[in-house]
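Engineer: Structure in structure tokens, see below.
The values are calculated or read from the model by the stated rules, or taken from the named source; none is laboratory data. Not measured: the values here are computed from a predicted model. All Cβ positions, glycine included, derive from the backbone under ideal geometry; neighbour counts span all protein chains shown. What goes into the accessible areas is simple: the full protein's heavy atoms, side chains included, and nothing from ligands, DNA or RNA. Shrake-Rupley method; radii C 1.70, N 1.55, O 1.52, S 1.80 Å.
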2 protein chains.
Amino acid sequence: MRRVAIAASATSRFEKTTDKSIFELACEPCIDIIKNKEIGIDAVLLSTCSTEQYSSTIVAEMLGLRPKISHRIDNLCNSGTNAVASAYSMIAAGLCDSALVVGAEKSDSTGNRLVWDVTRGAFNFPVHWASMFAKAHMSKYGTTGKQMAAVSVKNRKNAARNKNALFQKPVSVEEVMSSKIIADPIKLLDCSRACDGSSALLLVSEQLARKFENPVWIKGIGQQTNSASFGKAAENLSSLDTASRAAKDAYLMAKTKPSEIDVAEVHDAFTILEIMAYEDLGFARKGKGGQYAESNKIAINPRGGILGCGHPIGATGVAQISEIAMQLSGKASERQVKGCKTGLVHNLAAAGSSATVVILGA
Amino acid sequence: MRRVAIAASATSRFEKTTDKSIFELACEPCIDIIKNKEIGIDAVLLSTCSTEQYSSTIVAEMLGLRPKISHRIDNLCNSGTNAVASAYSMIAAGLCDSALVVGAEKSDSTGNRLVWDVTRGAFNFPVHWASMFAKAHMSKYGTTGKQMAAVSVKNRKNAARNKNALFQKPVSVEEVMSSKIIADPIKLLDCSRACDGSSALLLVSEQLARKFENPVWIKGIGQQTNSASFGKAAENLSSLDTASRAAKDAYLMAKTKPSEIDVAEVHDAFTILEIMAYEDLGFARKGKGGQYAESNKIAINPRGGILGCGHPIGATGVAQISEIAMQLSGKASERQVKGCKTGLVHNLAAAGSSATVVILGA
């Protein structure tokens, strides 16, 4: 099997809303990636929930590229890591040698609301399931609102060191705890916010990787889908079977384990999800995620995560991988995690009803 | 590299319109494929231009599957072969061992009209570029309306032997020639018709293929994208650079050549496209496609092609591959092409601005 590397990556500034079209957003992070390199781009895969037709091919044309392969991929909030898994596969299988993976989203994406899921009744905003997860975790393990707040405080602090993050101002535990209750026990500052944003990655074959400085290798990919509805999504509500299965497969493929992970981007669309991720990924023992939130041993969400950066749905998974690639290649400037060698990305969709885990290595 | 086979396939009956949702359409051809087999389904990839969110995951849930990988792929009329190329890659690369590729479309899909392409001005129906291709081919090579009609006559005759085809009645050269002019020289019976329909394929690894009777192997895949707009799509208007490049790559990968192809499904959304395909695929010499239409040496479009079967956009590429897989495994009943061993699928999108060629072998 051919090894696959991330040779370059870039992320745009995430903003509440902009006048840019989905196509302009998508092109933005690609410009630097494609202009400085002497290699051709064999594939352009676009990750977005935007419903524009032929959109990956339009982006390819706007960038002046004539790739062999071009199509759009969507699967809500983990569209981005699905696109990376596809690009990885195409290069590993030898269908192409290089692939530009682009994630882009507008803040008013129809992907923000889970209207298809009749098992939710009228409760079709993501915050409704976050509320149920939080209640279950609190009741079963004694997790507290303050522990959840600690996640938000950490990620907003990290975001303040990331010029591309939507939120540039740190928040205190008190501010989180006293913010408006959206769906008890989830408060405003436990929630991420939809926004405009984009991110891009250049994946290349082992042979092409030699032309780049500090390529980062894709070492493991795990994915798991349980259902499209909340009914079967979380059979015990306090952990996500999809994420733990995806993690197991990714660790196996990468021949590594939780204790070897130095840096991670985890899917913190709500604070409770980051606490559950600690457990599902094996960073903390089951039920100990709340305590782990107050004493992180691994650098988690150094870019500010989804809570700090904002959540442009189709771009999020790409931006997560971009951050870990930056960290492992030593290009993360002010927020560089020193000496990191192995990184992990955890990316969920729709109440964790599907999950991707990707492991990267320097 | 792991070899990849098509282990099973099925296509629904294509109809002008139905009361079925995109999800019901998608599930229809999958039922038989998944119920008779003892293997798990590792991936569900949905090919459609329908804009429903999380649609592949909804289809997986409706089918009672819990795949590792699930996402939707779209690239207009070649969405289907793009999904097959992705599934092939994932299995070849070892990310999964089996993948269900499902194509489905409703007749009123927004993919039917090329509204994004400002280079077309107000001429944003596909028939407008078919008219320009036909005029160029006629003027440069002396291709005639009667030769174009021969394509429609052949494909409608084939469709009459396919119970799932939209059109069940053969037509004569005279009927095609006297049908209403839509965009000169393209007449009504030179055009395919959008419809409701779906098709599904089960792709498996070499090891799993042993459990199935007569698996068909994916031997070559070639893809090429030129642009999203008509402006650059066909630089000489009488041939499609995308298709000839995709064919070249597919022949190379499959280590075969045009003279070894026994049966093919080519993208006959308009009669002129099938004539251009003969040349782009190397079945006929440049300029001789019109003559070839009146004296086919290879069995082309045995299911009735797009002209005879109808054109459910996201399903078309999947249905084309399903037909060739049926032919090569000897399961094509009344329309079986005797002794065929190597087959080809040619699938275009949006004025041939992107193309996929897939070569299959018994």
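Engineer: Label-to-label distances across copies for B:K146, with labels 7 Å out along Cα→Cβ, in nm, shortest first?
Structural biologist: Between copies, matching label points for B:K146 lie 9.2 nm apart.
Engineer: In chain A, with Lys and Arg counted as +1 and Asp and Glu as -1 at Cβ, which of these residues, A:A26, A:L237, A:N78, has the Cα nearest the positive end of the dipole, that is, farthest along it?
Structural biologist: Comparing the listed Cα positions along the dipole, A:L237 ranks first.
Engineer: Shifting gears a bit: Just to confirm the numbers: B:K341, label point 7 angstrom along the Cα-Cβ line, distances to the other copies in nm, shortest first?
Structural biologist: Reported distances to equivalent positions: 5.3 nm.
Engineer: Let me know the shape class of the protein assembly as shown, please: from the alpha-carbon gyration tensor, a ≥ b ≥ c as square roots of the eigenvalues, rounded when a/c is under 1.5, otherwise prolate if a/b is greater than b/c, or oblate.
Structural biologist: prolate
Engineer: Over the range A:314-362, give the accessible area per residue in Å² for a 1.4 Å probe, as an integer.
Structural biologist: 23
Engineer: Shifting gears a bit: Could you put A:D32, A:D241 in order of accessible surface area, largest first, with the 1.4 Å probe and the full protein assembly present?
Structural biologist: I get A:D32, A:D241, largest accessible area first.
Engineer: Using a 1.4 angstrom probe and counting only protein chains, how large is the accessible area of A:M253 in Å², to 10?
Structural biologist: For A:M253, solvent-accessible area is about 60 Å².
Engineer: Classify the range B:290-349 from the C-alpha gyration tensor, please: rounded if a/c falls under 1.5, else prolate or oblate depending on whether a/b exceeds b/c.
Structural biologist: oblate
Engineer: Could you report the buried accessible area between A and B, both sides summed, computed with a 1.4 Å probe and given in Å² to the nearest 100?
Structural biologist: That pair hides around 4500 Å² of surface in total.
Engineer: Turning to a different aspect of this structure: Among B:89-95, B:257-263, how do they line up by average Cβ neighbours within 10 Å per residue, starting with the highest? Can you show the working numbers first?
Structural biologist: Details: B:89-95: 24.4, B:257-263: 16.6.
Result, highest mean first: B:89-95, B:257-263.
Engineer: Hey, got the dipole for the protein assembly as shown? About the Cα centre, +1 on K and R Cβ, -1 on D and E Cβ, debye to the nearest 20?
Structural biologist: On the way: 84 positive and 68 negative charges, 218 e Å.
Roughly 1040 debye, rounded to the nearest 20.
Engineer: When only the heavy atoms of the protein chains count and the probe is 1.4 Å, how do B:T110, A:T342 rank by accessible area, highest first?
Structural biologist: B:T110, A:T342
Engineer: Just to be sure I understand the model, the point goes 7 Å from the Cα along the line to the Cβ. What's the resulting A:R285 to A:K157 distance in nm?
Structural biologist: So the label points at A:R285 and A:K157 sit 2.6 nm apart.
Engineer: Show me the GluC sites (Glu not before Pro) within the range B:38-74 that DSSP assigns to loop and that have at most 15 other Cβ atoms within 10 Å of their Cβ.
Structural biologist: Qualifying residues, ordered by number: B:E38.
Engineer: Sticking with this structure for a sec: What's the carbon and sulfur percent of chain A's accessible surface, probe 1.4 angstrom, rounded to a whole number?
Structural biologist: Working: 6270 of 12360 Å².
With neighbouring chains kept in place, the figure for chain A is 51 percent.
Engineer: Also, quick follow-up: Using the heavy atoms of the protein chains alone and a 1.4 angstrom probe, what is the accessible area of the range A:131-287 per residue in square angstrom?
Structural biologist: That works out to 39 Å² for each residue.
Engineer: Do you know which residues of the range A:208-247 lose at least 30 square angstrom of accessible area in the protein assembly compared with their chain on its own, with a 1.4 angstrom probe?
Structural biologist: A:Q223, A:Q224, A:T225, A:N226, A:A228, A:K232
Engineer: What are the distances, in nm and sorted shortest first, from the label point of A:S178 to the label points of the same position in each other copy, with each label point placed 7 Å from Cα along the Cα-to-Cβ direction?
Structural biologist: Copy-to-copy label distances at A:S178, shortest first: 8.7 nm.
Engineer: Averaged per residue, what accessible surface does the range A:6-94 expose to a 1.4 Å probe, in Å²? Intermediate results must be reported in sequence, preceding the final value.
Structural biologist: Working: 2600 Å² over 89 residues.
Here the residues of the range A:6-94 average 29 Å² of exposed surface.
Engineer: Pull out the extension gain between B:R113 and B:K338, defined as 0.36 nm times the separation in residues minus the alpha carbon to alpha carbon distance; nm, one decimal.
Structural biologist: Length gained, B:R113 through B:K338: 77.1 nm.
Engineer: Using θ = phi - 60° and the Karplus curve 6.51 cos²θ - 1.76 cosθ + 1.60, what whole-Hz ³J(HN,Hα) does each residue of the range A:3-16 get, with Gly and Pro shown as x?
Structural biologist: 6, 10, 10, 9, 8, 7, 7, 7, 9, 7, 6, 7, 9, 3
Engineer: With each run of n ≥ 4 DSSP H residues scored as -39500 (n - 2.57), what mean residue ellipticity at 222 nm is computed for the protein assembly as shown after dividing by its residue count and rounding to the nearest 500 deg cm²/dmol?
Structural biologist: -10000 deg cm²/dmol
Engineer: Using 25 Å as the Cα-Cα cut-off, could you pick out the over-long pairs in A:K169/A:K248; A:K68/B:K255; A:K106/B:K20?
Structural biologist: Correct reply: A:K169/A:K248; A:K106/B:K20.
Engineer: Other chains near B:90-102: what is the mean number of their Cβ atoms within 10 Å of each residue's Cβ?
Structural biologist: 4
Engineer: Under 13 Å from a point 7 Å along the Cα-to-Cβ line of A:N296: which residues of the range A:324-346 have their amide N that close?
Structural biologist: Backbone N within reach: A:324, A:335-338, A:344.
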